[in-house]
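Undergrad: First, the structure itself, so that you have it in front of you.
The values are calculated or read from the model by the stated rules, or taken from the named source; none is laboratory data. Computed from a predicted model, the values in this text were never measured in an experiment. Ideal geometry is used to build each Cβ from the backbone, glycine not excepted, and the neighbour counts take in all protein chains shown. Ligands, DNA and RNA are excluded from the accessible area calculation, which covers all protein heavy atoms including side chains. Shrake-Rupley method; radii C 1.70, N 1.55, O 1.52, S 1.80 Å.
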Amino acid sequence: MSFFQAVGICFKKYVTFKGRATRSEFWYWSLFSWLLSLAALAIDSSLSGGAGHMDGKQLFSTLVALATVLPGLAVSIRRLHDVRHSGWWFLIAFTGIGLILLLYWSVLPSRNVDNHY
């Protein structure tokens, strides 16, 4: 799967929490979100006169965050389904230490067995 295919699938399945997401789909979406956030931050910074003068005016960064939070959550849950875990395991991220477990699961290869998710 290419970068643009993965991003297209994530926007197509904007709030689809059922199904599975491959490693490449998940990691390409993560890269896209990160690059888009950096670009929005750069635009906000240039419009406000530099990084030291933001004054809380982060319009583009806020819009990017709002536009990518739901597909990011959806692809994360579909990735958990791909490695045979319930999407509810995503809540372990709120413990802080659970991020390590989620990172481990996100790098595991897909399981090509029947999956009830």
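Undergrad: Out of the residues in segment 86-117 that are part of a loop (DSSP other than H, G, I, E, B) and under 18 Å from TRP27 (Cα atoms), which is most open to solvent (accessible area, probe 1.4 Å)?
TA: Of everything passing the filter in segment 86-117, ARG111 is most open to solvent (accessible area, probe 1.4 Å).
Undergrad: For segment 6-15, check the following and say yes or no: at least one residue is part of a helix (DSSP H, G or I) and of a type outside the set (A, V, I, L, M, F, W, C). Full working, then the answer.
TA: Our first condition is that a residue be part of a helix (DSSP H, G or I); within segment 6-15, this holds for 6-12.
Subset that is of a type outside the set (A, V, I, L, M, F, W, C): 8, 12.
Among the residues of segment 6-15, at least one is part of a helix (DSSP H, G or I) and of a type outside the set (A, V, I, L, M, F, W, C), which makes the answer yes.
Undergrad: Follow-up. Only one of (1) modelled with pLDDT of 90 or more; (2) outside any helix (DSSP H, G or I); (3) among the acidic types (Asp, Glu) is not met by GLU25, so which one is it?
TA: (2)
Undergrad: As an exercise: evaluate HIS53 against (1) modelled with pLDDT of 90 or more; (2) open to solvent by 20 Å² or more (accessible area, probe 1.4 Å); (3) of a type outside the set (S, T, N, Q) and give the number of the one condition it does not meet.
TA: Just one mismatch for HIS53, condition (1).
Undergrad: Further, regarding this structure: Between residues in segment 16-40 that are farther than 18 Å from LEU108 by Cβ and touching a residue at least 40 places away in the same chain (Cβ under 8 Å) and residues that are assigned to a helix (DSSP H, G or I) and among the β-branched types (Val, Ile, Thr), which pairs lie under 9 Å by C-beta distance while being six or more apart or on different chains?
TA: So the pair list comes out as PHE17/ILE77; LYS18/ILE77.
Undergrad: If you don't mind, there's one more thing I want to ask. Report yes if some residue within segment 31-45 is under 19 Å from LEU102 (Cα atoms) and open to solvent by 80 Å² or more (accessible area, probe 1.4 Å); otherwise report no.
TA: yes
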